[in-house]
1. Exactly one of (1) without any contact (Cβ under 8 Å) to a residue 60 or more places away in the chain; (2) within 19 Å of Val234 (Cα to Cα); (3) acidic (Asp, Glu) is unmet by Glu74. Its number?
2. Name the helices (runs of 4 or more DSSP H) wholly within the stretch 40-115 that hold at least 1 residues that are basic (Lys, Arg)?
3. From the set of residues in the stretch 224-242 that are open to solvent by 40 Å² or more (accessible area, probe 1.4 Å) and modelled with pLDDT of 95 or more, which is farthest from the chain's Cα centre (by Cα)?
4. Could you check the stretch 102-120 and list, in sequence order, the residues that are touching a helix residue (DSSP H, G or I) at 6+ places or on another chain (Cβ under 7 Å) and open to solvent by 30 Å² or more (accessible area, probe 1.4 Å)?
5. Within the stretch 242-256, which residues are over 15 Å from Val165 (Cα atoms) and either among the hydrophobic types (A, V, I, L, M, F, W, C) or not in a strand (DSSP E or B) (or both)?
6. I need the full set of residues from the stretch 251-266 which are of a type in the set (A, V, I, L, M, F, W, C) and either at positive phi or open to solvent by 40 Å² or more (accessible area, probe 1.4 Å) (or both), in order please.
Amino acid sequence: MSGARCLIPAAGLGTRMRPASRTIPKELLPIGTRPMIQWCVTEALEAGFERVGVVVRDDKPLLAAYLREGRWREGILEEVRERAEALEIDRFVQERPLGVVDAVLSAGAWVDDGGAFAVFLPDNVRISGSPPLTAEQMADAAEREVALAACHRVGTESARYFGNVGRVELADLVPAGRLPRVTALQQRGRGAFRAPPEGAWRLMPRYVVTGRWVEIARRVAAEASLAGEEADDVAVHRRLVEEERLVAAPWEGTLVDAGNPSGYLYAHHLLHQAEARRRDAEERDGEGGGGELLEIGLS
C-alpha cells in the first residue's frame, strides 16, 4: 500500500503518570473528553497522512482492544471523520519496553522498506494551531535526504510543564519559509525544561524517519542494549546534528507534554480557558458584537 505514513509509539510504561497508568494505559487517559491517542491520530489525519501505525505491547490489552475494535473513531473531530472511517490502523508489537528507538524499529515492515515515515509521540498533545509536521513536509525532507523535526518556542511561563529535554539551537530563521539546520541539541536532563527569559526552541516529538535515521537508530539500540539502558531518540537526533543532517520546522501553536502530572493538568487548564473564551465570543457575537470565534483543536 502507498500513502504517507505516521507511526505512533504507544508501548511505553507510562512511569511518569503512575499510579494512574498502572490501571489505564497513559495513551487512553483523557485530555478533555477524548483519549490522548485520539488527539494524536486526529492530528495525523489533519496533517495529510493516509496510513497510521501504532506500536503496542501485549500487556496493554485495553489499548489493543481500543484500536482493534475501532473505538478510536468515536467522537473524533468532524473535519476528519470521513478519513477516519476509511482508515485501518496498522498495529506493531514491541516485545519489551526498551525505549522509543526500539519502538520505532519494531515497525519492521515500515522500517525495512526504506521509505520515510513520520513519528508522533501521543503524550505531547497539540492543543491549538495547525499540524506541526505534515505529509507534504515529510515528502520534501525525504527528497532532500535530511531528517526533519518540528520545533516550538517555550517561554519561562510554561517551561515547568515540559521535561528537561529537546532544547535546540538553530542556524537561522531567515529567509521566511526556510527550514533551519539544528546546530545543537541538549542531552536529556532531570527536572523541568530550562528556558531563558527570552524563551527557547524545543524539538518536538514530531519527526521524520529516513534511511539514515534507521541506520543510526540501530547502532544506538545496540549500544543501549549492551549498557542495559533504553534506547532514546535524543541520541539518534544528536548524531544527526553532528552530521549536519537534522533540520527543523519552526511551528507556532500550543503543545503540552501531557505525559507528566503537571503537564496533564495544564492541558486541561488550557482547554478550559479556550472553551471559556469561545463561549464569551459566541455570546458577544449573538449580541451583535461581531466577535470572532477562537479556533482550537478540540479533538
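The values are calculated or read from the model by the stated rules, or taken from the named source; none is laboratory data. Since we're looking at a predicted model, the values are computed, not measured. Here the Cβ is made from the backbone with ideal geometry for all residues, glycine too, and neighbour counts use every protein chain on show. Quick note on the areas: whole protein, heavy atoms, side chains included, nothing else; ligands and nucleic acids left out. Shrake-Rupley method; radii C 1.70, N 1.55, O 1.52, S 1.80 Å.
1. (2)
2. Working: elements: 61-68, 81-86, 100-105, 108-112.
Passing ranges, in order: 61-68, 81-86.
3. That would be Glu242.
4. If we filter the stretch 102-120 for residues that are touching a helix residue (DSSP H, G or I) at 6+ places or on another chain (Cβ under 7 Å), which is where we start, we get 102, 104-105, 111, 114, 116-120.
Across the stretch 102-120, the qualifying residues are Asp102, Leu105, Gly114.
5. Glu242, Glu243, Glu244, Arg245, Leu246, Val247, Ala248, Ala249, Trp251, Glu252, Gly253
6. Applying the first criterion (of a type in the set (A, V, I, L, M, F, W, C)) to the stretch 251-266 yields 251, 255-256, 258, 265.
The answer is Leu265, and nothing else.
The rows are residues; the columns are (1) of a type in the set (S, T, N, Q); (2) touching a Lys or Arg at 6+ places or on another chain (Cβ under 6 Å); (3) at pLDDT below 85.
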site	(1), (2), (3)
Leu246	no, no, no
Glu252	no, no, no
Leu255	no, yes, no
Leu270	no, no, no
Arg277	no, no, yes
Arg284	no, no, yes
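Yes/no matrix, rows are residues, columns are (1) open to solvent by 60 Å² or more (accessible area, probe 1.4 Å); (2) without any contact (Cβ under 8 Å) to a residue 24 or more places away in the chain; (3) in contact with a helix residue (DSSP H, G or I) (Cβ under 9 Å, 6 or more places away or on another chain):
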residue	(1), (2), (3)
Pro19	yes, yes, no
Leu45	no, no, yes
Phe49	no, no, yes
Ala65	no, yes, yes
Val80	no, no, yes
Arg83	yes, no, yes
Leu87	no, no, yes
Val100	no, no, yes
